[in-house]
Amino acid sequence: MFRVLLLLLVLGFQAQAGPWPRGDGKVFLSFHGNAEASRDLLDIRQYATIYGEYGLTDTITLGVDYSGSELGTDKAIAFVRIPIANGDRQLRFSAELGIGLVDGENALRPGVSVGRGVSMRGRHGWITLDTRLVLPGGEANQRLEADFTFGLSISKRFKAILQLQGGMPSEGDRYLKFAPSVVFERKPGKYFELGVVTGIQNYDAYGVKFGIWKEF
């Protein structure tokens, strides 16, 4: 299955995460509603996510990453991200450090991102690899998380995103999910996203999501 990850990565519009700084005084916000059901439809879960970035300077980005459901908060992380010696290279790198709550435990979340802009038959896009190490206090599991993303502008107002979401906990099975979506630009700086989620490895659920992005 992890060969699929490498295939998407070499395919060479950035929205969330990634190595690019937000820019001095710029703000990005996204709100998503998600619903996931087990394959036998006996277990249905609804949850919401909020993600935000603020450009403190041209190189320093501050952010928040929250998700929760009717059962409570899954994660609430505040983070800072800075570029790493990018120079004039096409590949861009950044380092990130987050702190907050994960599954009810205090946690640190360091991360590294790499990405680049691409062009395919005159259409502009991007590829990114975002990695995070979740280090909770207490006896909770540590885990490595990674998102591989390929995005492409299909037209002036439509974008397509293919994303693979993986995780490797210190205890238990690693998992892999596929999360494609389409994004429609309703007006400059405002976007709607509609997508689905399905398990590929050790993730027995299907899901749908609807989101709103706002840049200003």
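From the residues in segment 192-214 that are charged (D, E, K, R) and assigned to a strand (DSSP E or B), which one is surrounded by the fewest Cβ atoms within 10 Å (Cβ to Cβ)? Among them, the one singled out is LYS214. Residue pairs whose Cβ atoms lie under 6 Å apart, sitting 6 or more positions apart in sequence or on different chains, and linking a residue in segment 51-69 that is within 12 Å of VAL27 (Cα to Cα) to a partner that is of a type in the set (A, V, I, L, M, F, W, C) and not in a strand (DSSP E or B), are LEU62/LEU56. The residues on offer are GLY199, GLY125, GLY98, GLY117, and the sole one that is touching a Lys or Arg at 6+ places or on another chain (Cβ under 7 Å) and either among the aromatic types (Phe, Trp, Tyr) or within 22 Å of GLU53 (Cα to Cα) (or both) is GLY98.
Screening LYS159 against (1) within 22 Å of PRO19 (Cβ to Cβ); (2) surrounded by fewer than 16 Cβ atoms within 10 Å (Cβ to Cβ); (3) basic (Lys, Arg) leaves a single unmet condition, (2). Being under 29 Å from ALA85 (Cβ atoms), at pLDDT below 90 and not polar (S, T, N, Q) is a property that does not hold for MET168. Scanning segment 161-175 finds no residues that are closer than 19 Å to ASP65 by Cβ and not in a strand (DSSP E or B). Residue pairs whose Cβ atoms lie under 8 Å apart, separated by 6 or more positions or on different chains, with the first residue in segment 30-45 and exposed (fewer than 14 other Cβ atoms within 10 Å of the Cβ) and the second acidic (Asp, Glu) and in a strand (DSSP E or B), are ILE44/GLU36. Going through segment 132-172 one residue at a time, which ones are within 19 Å of VAL197 (Cα to Cα) and in contact with a Pro (Cβ under 9 Å, 6 or more places away or on another chain)? Passing the criteria: ALA160, ILE161, LEU162, GLN163. Going by the structure shown, is THR128 surrounded by 20 or more Cβ atoms within 10 Å (Cβ to Cβ), out of contact with any Leu (no Cβ under 7 Å at 6 or more places or on another chain), of a type outside the set (Gly, Ala, Ser) and assigned to a strand (DSSP E or B)? Yes, satisfied.
Conditions (1) at pLDDT 90 or above; (2) within 22 Å of LYS209 (Cβ to Cβ), marked per residue:
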| site | (1), (2) |
| --- | --- |
| TYR47 | no, yes |
| LEU56 | yes, no |
| THR61 | yes, no |
| THR73 | no, yes |
| ALA78 | yes, no |
| ASN86 | no, no |
| PHE93 | yes, no |
| LEU97 | yes, no |
| ALA107 | yes, no |
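Condition check for LEU11 on (1) under 13 Å from the mean Cα position of the chain (by Cα); (2) modelled with pLDDT under 80: one failure, at (1).
The values are calculated or read from the model by the stated rules, or taken from the named source; none is laboratory data. Owing to the predicted nature of the structure, the values given are computational and were not obtained by experimental measurement. Positions of Cβ are generated from backbone atoms using ideal geometry, with glycine treated the same way; all protein chains shown enter the neighbour counts.
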